[in-house]
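Novice: Structure incoming, see below.
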Amino acid sequence: SFCAGAAELHALGPTFITEPGAKPQAFAVARLQAARGAHVTNMRHEMVSVDDANPDLLALLDGSRGRAALAAEAFPGHPAHDAEAALDAALARLARQALLVQ
């Protein structure tokens, strides 16, 4: 499987998460890179695009804000329910891209 590219070998377990927590936090390097462009390095040392997600959202994901505050800041002008749904979708994308650490 490894030789065919279907599996990866690692000495240590992953340091990223697949389910965002109550106060989501993005990989610090990715937060810095997002301020400079549309491609960032994830926790698997891969370059990924954040064009489809709100690039400004990565800067907000420092672990100090809860989901309601993040939704209000990342999606201003949207009704609370719509903003929270958009935040959940964006966080799910970022988690799949191995960009969240908390």
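Novice: For the chain, set up a GNM with springs between Cα atoms under 10 Å and report which of VAL50, VAL40, VAL29 has the largest fluctuation.
Specialist: Judging by the Gaussian network model, the answer is VAL29.
Novice: Just want the answer: with Cβ charges of +1 for Lys and Arg and -1 for Asp and Glu, which residue in GLY77, LEU32, ALA22 is farthest toward the dipole's positive end in the chain?
Specialist: It is LEU32.
Novice: Suppose R0 equals 25 Å; then what is the FRET efficiency for ARG44 and SER64 from their Cβ-Cβ distance, rounded to the nearest 0.05? Each step should come with its number before you reach the end.
Specialist: On the way: r = 25 Å, r/R0 = 1.00.
Computed FRET efficiency for ARG44 and SER64 comes out at 0.50.
Novice: On to the next question. Treating only the Cβ of Lys, Arg, Asp and Glu as charged (+1, +1, -1, -1), what charge dipole size does the range 36-102 show about its Cα centre? Round to the nearest 20 debye. Show your work: numbers first, answer last.
Specialist: Working: 6 positive and 9 negative charges, 46 e Å.
So the magnitude is around 220 debye.
Novice: Report, in deg cm²/dmol and to the nearest 500, the calculated mean residue ellipticity at 222 nm for the chain, where each DSSP H run with n ≥ 4 adds -39500 (n - 2.57) and the sum is divided by the residue count.
Specialist: Values: 4 runs with 38 residues, N = 102.
Computed ellipticity for the chain at 222 nm equals -10500 deg cm²/dmol.
Novice: Right, here's the next one. Report which label in (1) 14.4, 50; (2) 16.7, 54; (3) 12.0, 33 holds the value of Rg and Dmax of the Cα atoms in Å derived from the coordinates of this structure.
Specialist: (1)
Novice: Of the candidates ALA90, ALA80, ALA28, which one comes out as most mobile in a Gaussian network treatment of the chain with C-alpha springs shorter than 10 Å?
Specialist: ALA80
Novice: Now for a different question. May I ask you to evaluate 6.51 cos²θ - 1.76 cosθ + 1.60, the Karplus curve with θ = phi - 60°, for each residue of the range 75-80 and list the ³J(HN,Hα) values in order in whole Hz, giving x for glycine and proline?
Specialist: 10, x, x, 8, x, 3
Bear in mind these aren't lab numbers, they're just calculated from the coordinates by the rules spelled out. All values derive from a computational prediction rather than experimental measurement. All Cβ positions, glycine included, derive from the backbone under ideal geometry; neighbour counts span all protein chains shown.
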